Structures are given as C-alpha cells and as structure tokens.
Amino acid sequence: PLLGFVEIPAGPFIMGELEEKHETSLPTYYIARYPVTVAQFKEFVLESDFSLEFTESLKGLDNHPMVLVSWDDAIVYAKWLGGKLIALSKSYASQKNLSKGVLQFWEGLRVGRLVVTLPSEAEWEKAARGDDQRSWPWGDTSPDEMDKAPAHYGQKNADPVPVNHFGEAGASPIGTLGMAGNVWEWC
C-alpha cells in the first residue's frame, strides 16, 4: 500500500559513533525500502527524456542499485517520482479499506505535506540503524566478523549485487534493506 516506502516513526535516536554520538529527534517520515534500482531509473529516463551523463549505468541488471548518478540527477529523479506518486495519491486517498497510516501517507502527498526528496543524514541513519543504538542495520558486528556480515562491501572490482540480495538478514529494525555496503547513497 505504500508502494515500497517504509514509515519511520517520530522520536529520538542516538546518531553517530564514538565521540560524535548525540541524541536527535525526527518527525515521522517515509523512506524507500530499497535503494533505487536500474529498472526504476530506466523508467524515469524513458518517461522524461532525461539525459544521463553515464549511460552505461542503465545497462545494469534491473534489480541492481543505480550507480554513477550525481546528486543533481538524484534530485531530478526524486521530483519526477514525487509527481508520479501525487498522481497516484488521488486514487489511493479515496479508498476506504486502507489503514490510517497508509491514508495519511497518500493524503500527505496529495496536499503537498510530504515531498519526495533525498533523506537528510539523520533520516538516512535512523532508517539504517533504528533507534536502539546498533552499529549496523542487522545489529552489532565486530571488525573481525565483518566478512560474515549480510552486506556487500570491500570486494575490489566487484559489481553491485541486487538490492534485496541479503533479504531480511541485512534488514534494519525498521525494515529497510541494502543500507550497508553495495553502493554509495546520496543524502
């Protein structure tokens, strides 16, 4: 019902590591469950005639994360996606069988209270780590155990893996996937 978005509840959480740790609080917001895929970005390029600088990134497998996208490109994609969701919100807002939270999501889009954009650093971190002070989305892992962690990182010249490659093993407590390793993500 949220078309791949996850609701992140309002409230405080501990952000940062070591001496940078501090408590911050965020209002309720929504974030995509997975990184943007090649298939999603292709749809955007086809519908909008967007000119991508690194067109070879569109040749990736459809269920892999999009790569070689500038911050500006990511913002243009987010605005396009927001327009698509606003158009859909009109039909969702009139449905009676949806939960209160889902209806609030669609109504928020319809009236402009919710805007699709890149997450702030704090929003990204809360979605990745949750509010229980864990170090990684899946929990705490010592440096000598990282080779067994459910994340794709550190492999030299390794291609990205599908956005749901590790499934629930790599999920954050909030339900987001693919937020550690694989590819860099913009905030």
Filter result for the condition that a residue is polar (S, T, N, Q) and under 24 Å from residue 67 (Cβ atoms), over 97, 164: 164
So residue 3, is it within 14 Å of the chain's Cα centre (by Cα), modelled with pLDDT under 95 and open to solvent by 80 Å² or more (accessible area, probe 1.4 Å): yes
Residue satisfying all of: in the stretch 42-53; within 14 Å of residue 78 (Cα to Cα) and in contact with an Asp or Glu (Cβ under 9 Å, 6 or more places away or on another chain); surrounded by the fewest Cβ atoms within 10 Å (Cβ to Cβ) among these: 50
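For (1) in contact with a His (Cβ under 6 Å, 6 or more places away or on another chain); (2) exposed (fewer than 10 other Cβ atoms within 10 Å of the Cβ); (3) modelled with pLDDT under 95, each residue gets a yes or a no:
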{"position": "11", "(1), (2), (3)": "no, no, no"}
{"position": "20", "(1), (2), (3)": "no, yes, yes"}
{"position": "29", "(1), (2), (3)": "no, no, no"}
{"position": "33", "(1), (2), (3)": "no, no, no"}
{"position": "38", "(1), (2), (3)": "yes, no, no"}
{"position": "55", "(1), (2), (3)": "no, no, yes"}
Which listed residue is open to solvent by 30 Å² or more (accessible area, probe 1.4 Å), closer than 23 Å to residue 183 by Cα and either free of Cβ contacts under 8 Å to residues at least 12 places away in the same chain or in contact with a Lys or Arg (Cβ under 7 Å, 6 or more places away or on another chain) (or both), from 120, 142: 142
Qualifying position, being at pLDDT below 90 and not in a helix (DSSP H, G or I), among 114, 103, 118, 98: 98
Some residue of the stretch 64-72 being open to solvent by less than 80 Å² (accessible area, probe 1.4 Å) and part of a strand (DSSP E or B): yes
Every residue from the stretch 123-139 that is open to solvent by less than 60 Å² (accessible area, probe 1.4 Å) and over 15 Å from the mean Cα position of the chain (by Cα): 134, 135, 138, 139
The stretch 48-64 residues that are closer than 19 Å to residue 163 by Cβ, paired with ones that are open to solvent by less than 80 Å² (accessible area, probe 1.4 Å) and assigned to a loop (DSSP other than H, G, I, E, B) (beta carbon under 6 Å, 6 or more apart): 57/67; 63/162; 64/160; 64/162
Qualifying positions in the stretch 132-175 - touching a Pro at 6+ places or on another chain (Cβ under 7 Å) and of a type in the set (Ser, Thr, Tyr): 172
Scope the stretch 89-100; condition touching a residue at least 24 places away in the same chain (Cβ under 8 Å) and loosely packed, with under 14 Cβ neighbours inside 10 Å; matching residues: 99
Residue 175 vs. criteria under 28 Å from residue 20 (Cα atoms), modelled with pLDDT under 90 and either in a loop (DSSP other than H, G, I, E, B) or open to solvent by less than 90 Å² (accessible area, probe 1.4 Å) (or both): no
Residue match in the stretch 150-167 (condition: at negative phi, part of a helix (DSSP H, G or I) and open to solvent by less than 90 Å² (accessible area, probe 1.4 Å)): no
Check on residue 118, closer than 21 Å to residue 41 by Cβ and under 13 Å from the mean Cα position of the chain (by Cα): yes
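The values are calculated or read from the model by the stated rules, or taken from the named source; none is laboratory data. Remember, predicted model here, so these are calculated numbers, not experimental data. All Cβ positions, even for glycine, are placed from backbone atoms using ideal geometry, and neighbour counts span all protein chains on display. For accessibility, only protein heavy atoms count, side chains too; no ligands or nucleic acids. Shrake-Rupley method; radii C 1.70, N 1.55, O 1.52, S 1.80 Å.
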